[in-house]
Amino acid sequence: MKPQFINPDVHSVPCNGCTLCCHNDAIRLLPGDDPDQYETQPHHYMPGQLMLKHKPNGDCIYLGESGCSIHDRRPRMCKRMDCRTIARVFTWTQVRKMERRNAIKMAVWQRGKELLKNA
């Protein structure tokens, strides 16, 4: 069973303006998300699944200068993403290998470690 990188308590993630997970990440639409509400593209690693579209630089299409431009209607995965869970589940070596495959960014893992350390 794959680990879930989402926090069921959506109000406890202390992002405080952090947008690391909005850069070069595959935000998959989950059951309950309405694909017609978003600009999407096929998911790179999950055939038949959709993810939020990306800008040419890899950022989420909805990431603006002051953060998420659809924050009030963002997909469930965005609402529940918790970098601390990634930091708890994976070692530095595992994340380094996944980053080489473009599956995760080391910066997200490092942010999770930082938040856990300062908790």
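Quick notes
- Complete set of residues in segment 30-71 that are closer than 21 Å to Met98 by Cα, touching a helix residue (DSSP H, G or I) at 6+ places or on another chain (Cβ under 7 Å) and crowded, with 17+ Cβ neighbours inside 10 Å: Leu50, Cys60
- In segment 72-101, the residues that are touching a residue at least 12 places away in the same chain (Cβ under 8 Å), under 26 Å from Gln37 (Cβ atoms) and out of contact with any helix residue (DSSP H, G or I) (no Cβ under 9 Å at 6 or more places or on another chain): Arg74, Arg76, Met77, Lys79, Arg80
- Residue identified as within 22 Å of Glu114 (Cα to Cα) and not assigned by TED's automatic domain parsing to the domain that holds Ala119 among His23, His43: His23
- Selected residue [at pLDDT below 95 and assigned by TED's automatic domain parsing to the domain that holds Ala107] from Ile86, Ile6: Ile86
The values are calculated or read from the model by the stated rules, or taken from the named source; none is laboratory data. As the structure is a computational prediction, the values presented were derived from the model and not from experiment. Virtual Cβ from ideal backbone geometry, glycine too; neighbours counted across all protein chains shown.
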